[in-house]
Amino acid sequence: MDKRKNSAKEKETIIEEVKQLFSEYLITNRCRKTPERFAILEMIYRWDGHFDIDELYLAMEKSKFRVSKATIYNTLEILTQCKLVHKHQLGGSSTYEKSYRAEPHHHLVCLQCGKVSEYHFDGIRQLIEETKFPKFKQSQYALYIYGICSKCTRLNGRKKATETLRRKKADKKKKLQRSNESPNSKQTNK
């Protein structure tokens, strides 16, 4: 329980820090400081994992803080520019995640259902961070590993098993039909 308390306290501290950073960014770039923008920022920093615009919109509605999708799009654009949110372009859709004080991680992307999972592997992170690139100073990186998630693999296995069973039944039916043919018709064919 102490761990959860510390985690909740840490989350609140981070939220206050990003609100301050966002406020400074808005002032510096002469953007309006609206309650909607800060409510969206807070919702994002309470979110665990990746989200898309529709999920964020529904969460905002559920929290009784109604904002338009246009406001969400525009706010996400500003949050991406000030590096408080990271945008991932995966296939034909975009997902987002908070980036302030986020642990480096990698992304496992299911090619079938589109689910994005985070994967922490210090060996890869360390290798990339220690790599020196000629005439290039890295600031961040993203690693996407594409494949099929375990849920889809199980689903595919069930589909394959069902398809195999269906084919076996069809083959059995054909054999039964051939064996039921009259002996006279077999003789005439010889």
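Tabulated values for the structure
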{"item": "Among residues of segment 67-76, those that are without any contact (Cβ under 8 Å) to a residue 24 or more places away in the chain and either touching a helix residue (DSSP H, G or I) at 6+ places or on another chain (Cβ under 7 Å) or surrounded by 12 or more Cβ atoms within 10 Å (Cβ to Cβ) (or both), counted", "result": "3"}
{"item": "Filter pass, residue 176 being surrounded by 10 or more Cβ atoms within 10 Å (Cβ to Cβ), farther than 30 Å from residue 89 by Cβ and at pLDDT below 80", "result": "no"}
{"item": "Within segment 85-144, tally of residues that are over 27 Å from residue 14 (Cα atoms), surrounded by 14 or more Cβ atoms within 10 Å (Cβ to Cβ) and hydrophobic (A, V, I, L, M, F, W, C)", "result": "3"}
{"item": "Residue check, residue 90 in the same structural domain as residue 12 (by TED's automatic domain parsing) and within 15 Å of residue 42 (Cα to Cα)", "result": "no"}
{"item": "Hits in segment 116-155 - residues which are modelled with pLDDT under 85, out of contact with any strand residue (DSSP E or B) (no Cβ under 9 Å at 6 or more places or on another chain) and of a type in the set (Ser, Thr, Tyr)", "result": "139, 141"}
{"item": "Top-ranked residue of segment 42-60 - restricted to ones that are among the hydrophobic types (A, V, I, L, M, F, W, C) and surrounded by fewer than 18 Cβ atoms within 10 Å (Cβ to Cβ), ranked as nearest to residue 79 (Cα to Cα)", "result": "53"}
{"item": "Flag for residue 129 being assigned by TED's automatic domain parsing to the domain that holds residue 7 and not hydroxyl-bearing (Ser, Thr, Tyr)", "result": "no"}
{"item": "Yes/no for residue 8 being at pLDDT 95 or above and in a helix (DSSP H, G or I)", "result": "no"}
{"item": "Qualifying residue in segment 37-46 (condition: more than 29 Å from residue 146 (Cα to Cα), out of contact with any Ser or Thr (no Cβ under 6 Å at 6 or more places or on another chain) and outside any helix (DSSP H, G or I))", "result": "no"}
{"item": "Matching residues, segment 4-45, being closer than 16 Å to residue 98 by Cβ and in contact (Cβ under 8 Å) with a residue 40 or more places away in the chain", "result": "14, 17, 18, 21, 22, 25, 37, 41, 44, 45"}
{"item": "Counted residues, segment 107-160 - those being part of a strand (DSSP E or B) and in contact (Cβ under 8 Å) with a residue 24 or more places away in the chain", "result": "12"}
{"item": "Whichever residue in segment 47-74 is among the hydrophobic types (A, V, I, L, M, F, W, C) and not in a helix (DSSP H, G or I) and, among such residues, is modelled with the lowest pLDDT", "result": "65"}
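The values are calculated or read from the model by the stated rules, or taken from the named source; none is laboratory data. Bear in mind the structure is a predicted one, so any value in this text is a computation, not a measurement. Please note: Cβ atoms are built from the backbone with ideal geometry, for glycine as well, and neighbour counts cover all protein chains shown.
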